[in-house]
Amino acid sequence: MKALRILVLNGPNLNLLGTREPGHYGVQTLAAITQELISLADTLGVEITSHQSNHEGELVDFIQKAGNDSIDAIIINPAAYTHTSVALRDALLATRIPFVEVHLSNIHKREEFRHRSLLVDAAVGSVAGFGPVSYTMALRGITEHLRNKQGD
Ligand code: DQA
């Protein structure tokens with residue numbers, strides 16, 4: 001059976017993890033989080049590719065490319081674009097690739113403007129509030145979801 005291919009996308013300011021507002025986001029760097037995801041992907045037998053961008057249009061480009069590259073699922077932490085980006089929502093809907101929305105912090109217990117996501121109702125699921133573990137939960141969850149569907 002072909003290995004599942006999963007794209008991991010991280011939005012603006014997540015390149016600063018490690019030093020950025022550690023009270024909300026912890027002290028682990030994005031490189032360390034990605035490394036953990038790669039090890040888990042190995043264990044699960046899935047392939048992952050990961051990108052971070054501070055630019056909305058570049059994230060749209062990555063999503064559109066995933067459509068052409070027959071990526072099976074996207075794990076996305078859209079960061080601030082969660083709360084503002086119709087463009088990311090439209091790109092995800094256009095490619096019809098199943099996705100999981102991830103947040104390090106629990107956006108629902110922070111400022112009110114963070115409570116709303118423009119993407120989440122189109123997602124397979126979302127994970128928020130577990131720090132870096134939000135990403136590993138998302139990878140386990142979407143892998144199991146896709147495998148259950150393969151078995152249908
Ligand atoms: C975030 C939450 C967003 O509200 C914020 O803008 C981020 C990070 C998180 O992972 O908790 O940049 O997506």
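Brief remarks on what is shown
- On the principal axes of its alpha-carbon atoms, the stretch 8-152 has extents of 42, 33, 25 Å, going from largest to smallest.
- Simple rule: put +1 on each Lys or Arg Cβ and -1 on each Asp or Glu Cβ in the chain, find the dipole, and look at Gly125, Asn13, Gln28; the Cα lying farthest toward the positive end is Gly125.
- Contact order normalised by residue count of the chain, Cα under 8 Å, 6+ apart, percent: 26 percent
- Our helix-only sum for the chain, with -39,500 (n - 2.57) per DSSP H run of n ≥ 4 divided by its residues, gives a mean residue ellipticity at 222 nm of -12500 deg cm²/dmol.
- Between 0 and 90 degrees, the angle of helix 133-150 with respect to the longest Cα principal axis of the chain falls at about 20 degrees.
- Under 29 Å from Lys2, Cα to Cα: lysines that are on another chain or at least 8 residues apart: Lys65, Lys149
- In a DSSP loop and with at most 16 other Cβ atoms within 10 Å, the trypsin sites (Lys or Arg not before Pro) in the stretch 38-98 are Arg96.
- Of the chymotrypsin sites (Phe, Trp or Tyr not before Pro) found in the stretch 56-110, not one falls in a DSSP loop while having at most 15 other beta-carbon atoms within 10 Å.
- Backbone amide hydrogens, once placed in the peptide plane, bring Ile75 within less than 5 Å of Leu7, Val8, Leu9, Val100, excluding anything fewer than 5 places away on its chain.
A short reminder: the numbers here are calculations on the coordinates, not readings from a lab. Keep in mind the model is a prediction, meaning the values are calculated, not measured. When we count neighbours, we look across all protein chains shown, and the Cβ atoms used for this are built from the backbone with ideal geometry, even at glycine.
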